[in-house]
1. What do the square roots of 5 times the Cα gyration tensor eigenvalues come to for region 98-145, in whole Å, largest first, as semi-axes of the equivalent ellipsoid?
2. If amide H atoms are built 1.01 Å from N in the plane of the peptide, which residues on other chains or at least 5 residues away come under 5 Å of the amide H of residue 149?
3. Using a Förster distance of 22 Å, how high is the FRET efficiency between residue 103 and residue 174, based on the Cβ-Cβ distance and rounded to 0.05?
4. In degrees from 0 to 90, rounded to the nearest 10, what is the angle of the helix 184-203 Cα long axis to the longest principal axis of the chain?
5. At residue 158 and residue 69, where each label point lies 7 Å from the Cα along Cα→Cβ, what is the point-to-point distance in nanometres?
6. Give a residue-ordered list of calculated ³J(HN,Hα) values for region 159-174 (Karplus: 6.51 cos²θ - 1.76 cosθ + 1.60, θ = phi - 60°; whole Hz; x for Gly, Pro).
7. Once you treat every alpha carbon in region 30-85 as an equal point and sum by Debye, what is log10 I(q)/I(0) at q = 0.24 Å⁻¹?
8. When the chain is fully extended, how far beyond the present Cα-Cα distance does residue 218 get from residue 195, taking 0.36 nm per residue of separation?
Amino acid sequence: MDLVLGTLILRPYVFAFVACFLVAGALDLGWRRTLVFAAWVWPLVWAAEFASTRVGVPFGFYHYTGATRGRELYVADAPLMDSLSFTFLAYASFCLARGALGRRAGPWPLALAGGFLMMLLDVVIDPIAVRGDQWFLGRIFYYVDGGVYFGVPLSNFVGWVLVGTAVIGGYLALTRNGRGGRPEFGIALYYAVLAFNLVVTAWIREWVLLGLGLLLHAATAAVLYVVRRRPAIGPGMESQKA
């Protein structure tokens, strides 16, 4: 119980986002599918992290420092909050992909879009995470060989796309394409997570990273808006245009 309380006290922002995910998911997917989503995502991501800290696949080769061991919950060598974060990151990205593509896309194109959008969050998240000693995260991990993107290897972003696609696609397969009906709550969660990380980026004065993050996500939002506004073309509409 001391470790549970310690984790809550040390990482309140993570559990606030988890709570938002549970509420948004219940309103969108229903409680059962929301729990299926979490129960599928968490162990898969934990396994990916376990592999990455040993063989460098899929997120690149990194190590957890263990600096907070005894103060928060760990599963093997990884803090619980790290793999737990993927539940709301994957769900929020899934919602944004649904909001942009609607029901036009098949399950796996939708999953790929969600995986790509999840990776775009990490373009901001991971560089500030490796600088955790400059804010309240703490120095909890490091990449063994560093990386060209603000200390993060490019292989990490490839891993996020692959894992994001796998967890969303797997969920859709498990639930027989259980897309839900109210993605707007998850979309709000996506941008709340982004805003939190951009604020932290400004707080630690990483101005170049902040500018890149803002530019990248503004461009992405514009593309998603265009995709969303694109009219669906069916047989009847084609005949009308002719």
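1. Semi-axes, largest first: 33, 11, 7 Å.
2. Answer set, sorted by chain and number: 154.
3. The value I calculate is 0.70.
4. Approximately 40 degrees, to the nearest 10.
5. That separation, rounded to one decimal, is 3.1 nm.
6. Taking θ as phi minus 60°, the curve returns x, 5, 5, 5, 5, x, 5, 5, 6, 6, x, x, 4, 4, 5, 5 Hz for region 159-174.
7. After summing over all Cα pairs, the log10 values are -0.93.
8. Taking 0.36 nm per residue and subtracting the Cα distance, the gain is 7.1 nm.
The numbers here are math on the coordinates, done by the rules we state, and not lab data. Please read these numbers as outputs of a predicted model, since none were measured by experiment. Because the Cβ atoms are built from the backbone with ideal geometry, glycine has one as well, and the counts that use them run over all protein chains shown.
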